[in-house]
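Below is one structure, written out as structure tokens, with a few remarks after it.
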Amino acid sequence: MVDSACRVVYLNSIAFFVGFVLDWVFGEPPSKFHPVVIVGKTISKLEPLFYAKNGGFLSGMFFVLFVLLLFCLPVFAIEIAVLKTNDLFVDLFYEIVSVYLFFSSISVKSLKKHAMDVYLYLKKGDLDKSKVLLSFMVSRDTETMDEKKVITSTVESISENFVDGILSPALYFIFFGPVGAIFFKIISTFDSMIGYKNERYMQFGRFAAIFDDVLNFIPARLSIVFILPAVIIKGYPVVSTLESFSRFRKSHSSPNSAHPMSAFAGALRINLGGNTIYGGILVKKTIIGNFNKRATVEDIRRAVDLMQASSFVVFLFGLAVFFRLSLSCGWV
């Protein structure tokens, strides 16, 4: 069993390396075959069935658990097959599945592209187009935003998605393999589809929203560990980053969002947060940061650079963990 477990570690280490490189070079896989898209379509088709009962908390909970079992059990079964057999074709199939699930669970290049699209149209002076592009990244209303709000909202999205779209899925893959990655992405997809505080989903989507917060709880708090080395690499102010993180990391209604956001605010020395409109309703938010510098278009580019450098630190961390496990298995 020890040899089998070491073989799984070996396969996961290769999948981690290859998956990260594939995402960095190619970005998201085709939507037709994207696991998250498939999960999203499944959620959409099954939602009426589960909501029809009473649309309450328990219905939403059983809905989430059902979809988790539907997608996670097959992946878990493949891993069990690897552990119980010593078959080259089983190992190869597991490796293909692992690479694809991890590759599709992180989004470094995709996040960069969405943010840089907003950046490029702002540089051209096309504020209206930049607001449309920003709407693909955030759930807030973008129509009435001025240029400054578009900039800060883009930076906020970059910082939050560093945790949701890169750090969290990477950590869950490192420690739990492909099952961990798909498990996290299912919950994240549920949260983005039904985790809203509106009349329809207040109770039905509550379990998904809470579960998503729980899964991101530790990664969000660890985000500074990966952002800080990137701050040093990029030459951004270390003291300002640490002070902002220490002071503002809890300044958000979400238990997780302000942790990476406060670090990015300190690194770029700009204020983030503040009042925002969602569905036509003004939501009052605390300002994260205490800086006199006005946010500029270039702060989007700098935030993207910081996100990429932080992602590279995550990559190095993953390789270090797998190297340490390799030592335990006697490979090195």
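The values are calculated or read from the model by the stated rules, or taken from the named source; none is laboratory data. Computed from a predicted structure; not experimentally measured. Neighbour counts run over all protein chains shown; Cβ positions are idealised from the backbone, glycine included.
Observations
One line per residue, one yes/no per condition, for (1) touching a helix residue (DSSP H, G or I) at 6+ places or on another chain (Cβ under 8 Å); (2) farther than 25 Å from I224 by Cβ:
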position	(1), (2)
L88	no, yes
H114	yes, no
K124	no, yes
S130	yes, yes
V150	yes, yes
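- Of everything in the range 217-243 that is part of a helix (DSSP H, G or I) and of a type in the set (G, A, S), the residue that is surrounded by the most Cβ atoms within 10 Å (Cβ to Cβ) is S223.
- Some residue of the range 278-291 being of a type in the set (A, V, I, L, M), surrounded by 15 or more Cβ atoms within 10 Å (Cβ to Cβ) and modelled with pLDDT of 95 or more: no
- Unique match (being of a type in the set (A, V, I, L, M, F, W, C), loosely packed, with under 13 Cβ neighbours inside 10 Å and closer than 30 Å to G177 by Cβ) among L316, L325: L316
- The residue pairs whose first member lies in the range 302-319 and is free of Cβ contacts under 8 Å to residues at least 24 places away in the same chain, whose second member is surrounded by fewer than 24 Cβ atoms within 10 Å (Cβ to Cβ), and whose beta carbons are closer than 9 Å, counting only pairs six or more residues apart or on different chains, are L316/P229.
- Selected residue (criterion: surrounded by the fewest Cβ atoms within 10 Å (Cβ to Cβ)) from residues of the range 173-216 that are of a type in the set (D, E, K, R) and more than 20 Å from V36 (Cα to Cα): E199
- Looking only at the range 205-242, residues that are closer than 18 Å to D305 by Cα and among the small types (G, A, S) come to 4 in all.
- Qualifying residue in the range 48-57 (condition: surrounded by fewer than 17 Cβ atoms within 10 Å (Cβ to Cβ), over 26 Å from the mean Cα position of the chain (by Cα) and of a type in the set (D, E, K, R)): yes
- Among residues of the range 244-256 being surrounded by fewer than 17 Cβ atoms within 10 Å (Cβ to Cβ) and of a type in the set (K, R), the one that is farthest from the chain's Cα centre (by Cα) is R247.
- Every condition in (1) over 30 Å from R301 (Cβ atoms); (2) acidic (D, E); (3) in contact with a Lys or Arg (Cβ under 8 Å, 6 or more places away or on another chain) is met by E28 except one, and the failing one is (1).
- Scanning the range 292-301 for residues that are touching a residue at least 24 places away in the same chain (Cβ under 8 Å) and not in a loop (DSSP other than H, G, I, E, B), we see that the one that is surrounded by the most Cβ atoms within 10 Å (Cβ to Cβ) is I300.
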